[in-house]
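The values are calculated or read from the model by the stated rules, or taken from the named source; none is laboratory data. Quick caveat, the model's predicted, so the values are computed rather than measured. As a convention, Cβ positions derive from the backbone with ideal geometry for all residues, glycine included, and neighbour counts pool all protein chains shown.
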Amino acid sequence: MSSPDLDRFRLASRAVGASLQASTPSEPARDPVEIWKGSFLALFGSPIDTPKALSLSLVCETLKGVFEVRQAWTPQLHRHSSVVVSAGKGALYDRQSGLALPGSYLRRMPDGMQAPHCMDFHLEPRWQWGDLPILERALYLPFNHYDNFGHFVTETISYLWPFLEPCPSKTPIPVLLSMGKSEGLVSQVCSFMDNAGYTPVFDVDLPALYGVAELLLPEATLHLHSMSSTAYLRTAAAFGDWVIQSAATEDLPAEVLDRLYVSRSRLAGDVRQVEEEALLEERLATLGWTIYHPQLHSLAHQVATYRQARCVAGFEGSALHALAMAGFGQRGQGVIVLGDLVSPDYLLQFSAQQLPGFYLYCTQPEGGFGGEGGLHLRRRSLLASVDVVSQMLEALASSF
């Protein structure tokens, strides 16, 4: 790390610590995520008007003091008795108090500041609850979402770790799933559960209100904008193994790839895009890179492709989360992430993976960081020519 980079990082780190500790009645504590963004941008210097690459290990250092990476931690399977399930609430409830069970609803952000899917934290206990139909035993997954790949590969997979081991019961334990039967990846998840000796049960096949005598509730091994862990990585890699083992041979890539560029250029127009990306891809193809459009392939093909590539590069996007399912980085591989203000969720994953690589700061958002609309959805443009960016990628890839 060069001296100017180190000095900027030290100053940024002190600023983060001071901002997190400063809190008075007249001036509430600032949003820790906003504080981290300032630290991240300061690392690259100001103004940032030309592309610059820094090691992932250095960039991931900005996470400290705000976010958490659990390297040696074992999630727990909590047991609750006398639980009430009310369809569509996004939480489960204690039958006596009516309070939402801790851990039964999805949490995000530092200190779990957001619970975006919990509709009610309390249900008024009813006398007629004594007449509820009762399920004797079940395991509950607080979040199972399959329409959005990014949330599936992070938050849904974070709860699948109980299925890494055979079911401890002689009879299959029901797994309560709150989504429709026909959603994209659900069949692969259900077969993963079946293989471990559990029985998936959909909420459409259950009463709108019922009780569970004994409920098993797994801890999340990842919280977006908050925490990642090696326990999450083990789960993701095991699920990736299962997906590949279950796939037909003809659905898997036949050749071993060297440098893989993961493209966003053919995604729908309502998602974040980079104006010059198609031109960048053309240039990289002439240099021997494989241009990969993950949405055109099965999940098994994606995981197998990432596993065999020596270098994976691409702009920030949910496809990079699939590197966790590929066990990426365990065979001398490296990653190059392109963009500007990256989501901390990618850095948390790469930090847990201890993944070699670089962050190539090379774009600017329409209207700048203070422009209108969600920053993560706005179009980007390159800070330099396609030739300059492609040459930087070539140089960085040669280090793996």
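Side notes on the structure shown:
- Check on Thr62, closer than 14 Å to Tyr359 by Cβ and either outside any loop (DSSP other than H, G, I, E, B) or out of contact with any Gly (no Cβ under 9 Å at 6 or more places or on another chain) (or both): yes
- Restricted to the stretch 206-221, and to residues there that are small (Gly, Ala, Ser) and in a strand (DSSP E or B), the residue that is surrounded by the most Cβ atoms within 10 Å (Cβ to Cβ) is Gly211.
- For Leu99: the one exception among (1) in contact (Cβ under 8 Å) with a residue 40 or more places away in the chain; (2) more than 29 Å from Ser343 (Cβ to Cβ): (1)
- Answer from Leu360, Leu355 - the residue that is touching a residue at least 60 places away in the same chain (Cβ under 8 Å), assigned to a loop (DSSP other than H, G, I, E, B) and touching a helix residue (DSSP H, G or I) at 6+ places or on another chain (Cβ under 9 Å): Leu355
- Residue check, Ala248 more than 21 Å from the chain's Cα centre (by Cα), modelled with pLDDT under 95 and either more than 29 Å from Gly38 (Cα to Cα) or not assigned by TED's automatic domain parsing to the domain that holds Leu185 (or both): yes
- Looking across the stretch 116-166, just one residue is free of Cβ contacts under 8 Å to residues at least 12 places away in the same chain, under 25 Å from Arg79 (Cβ atoms) and in a loop (DSSP other than H, G, I, E, B), and that is Arg126.
- Pro344 vs. criteria at pLDDT 90 or above, surrounded by fewer than 20 Cβ atoms within 10 Å (Cβ to Cβ) and over 15 Å from Arg264 (Cβ atoms): no
- Which listed residue is surrounded by fewer than 14 Cβ atoms within 10 Å (Cβ to Cβ), over 21 Å from Leu383 (Cα atoms) and of a type outside the set (D, E, K, R), from Ala304, Ala300, Ala285, Ala254: Ala254
- Filter pass, Val83 being outside any loop (DSSP other than H, G, I, E, B) and assigned by TED's automatic domain parsing to the domain that holds Glu219: yes
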